[in-house]
Every structure is written in C-alpha cells, then in structure tokens.
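Written out below as structure tokens is the structure these notes cover.
Quick note: the coordinates plus some simple rules give every number you see, no bench work behind them. Please read these numbers as outputs of a predicted model, since none were measured by experiment. Ideal geometry is used to build each Cβ from the backbone, glycine not excepted, and the neighbour counts take in all protein chains shown.
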C-alpha cells in the first residue's frame, strides 16, 4: 500500500498485459504506462496512464478501470444515485471534504511526477464533487485503502467482480480480430 502523497514506481506495461487490457476495453488502450492493480483473478483491472497522449494532448486521468465486470459494478452504483449522495455529503462533512481534498492532492502529485500538465484538474470530480465513480475506484485500487475515501467507500459495497473467474479469456487477449476498427480504438 502506498502512503498518501507517495509516488509509487510501477513497472512498464508488458505486451501480454496490453493485450488483456485491449480485450477488456474492446480497443487498444491509450497512453497505458503500467498495470496499477490486478484483481484476485490475476488480470489487470486498473492501469496507470501517461499524463499526455502520444500526440501531446493532455490526458489527466492517471488511473483507468479496465475490467468490464468492475466497470459494470461501479456503473450500478452510479445509476443508484451514489455519486449525488457522496457530493451532498462533501458539502456538509468537513472530515470527508478534507480527506477527499487530500486524495486529489495525492493524485496530482503522482501524476505530475510523470509529467506536469499545468492544471489542478485531477479526475473523477475531485476535489469538489463526484463526477466519475469509476476513476475514484480505480484510484483507490491503485494506491490502496486510506487515500481516496470515496473510492474506498464504493469498493466496500460492490461485490467481488472476480468471483466468476477472469473477465476475458486467453483467446480473447491473443486475438486482435475481436477489437474494433482502428478509428474506434482512440476513444475513451
């Protein structure tokens, strides 16, 4: 587990992990730097991205949730109105607001250590609101418990997405024919 504000050194993504993530996303991953977390089945479920795309375009989402089962579980929370409730609590709970601001600052420090974007925008709506719970869960998984309180909270209520085994098969990961056309691969 990382400590708040600590920059972790992740190993660069390997070809096999890139293939798995491509199968999970249904397209080639953009700006993928490293696997930041693996689910209990052993496959990547969170990747760390470069702060800029290959063409230099800023890409402020440092952590990206890739496992389709985890994404679906978080989407169900979003659909249930959890983001609105969390944002409302941020307005009234000083301790939560302080901890969430700390998560935002930690996120910026870690991203800026890879390449500064000259912006205080992080991701997921931090530090003022909850805009994307997927990003907060990805951040919580990547850095471990105790850094992103709302990501930790969401993780505590979603069922184990790995329970039924890996989300993609070895055949899916090794077959580029399952990927969309190149023009579609560049969108997040």
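Annotations for the structure displayed:
- Residue exposure sequence - 41, 167 - by fewest surrounding Cβ within 10 Å: 41, 167
- Contour minus Cα-Cα distance for residue 72 and residue 174 (0.36 nm per residue): 34.4 nm
- Each residue in 92, 66 was given a count of other beta-carbon atoms within 10 angstrom of its own, and listing them fewest first yields 92, 66.
- Net length available on complete extension from residue 14 to residue 93 is 24.2 nm, with 0.36 nm assigned per residue and the Cα-Cα distance removed.
- Per residue, the Cα convex hull of the chain amounts to 114 Å³.
- Annotation: extensible slack from residue 156 through residue 57 equals 32.2 nm (criterion: 0.36 nm per residue apart, minus Cα-Cα distance).
- Taken along the Cα-to-beta-carbon direction at a fixed 7 Å, the label points for residue 164 and residue 50 span 3.6 nm.
- When the chain is treated as a Gaussian network with alpha carbon springs shorter than 10 Å, the biggest mean-square fluctuation among 172, 50, 14 belongs to 14.
- Among 10, 65, 136, 43, the ranking by other beta carbons within 10 Å of each residue's beta carbon, starting with the fewest, stands as 10, 43, 65, 136.
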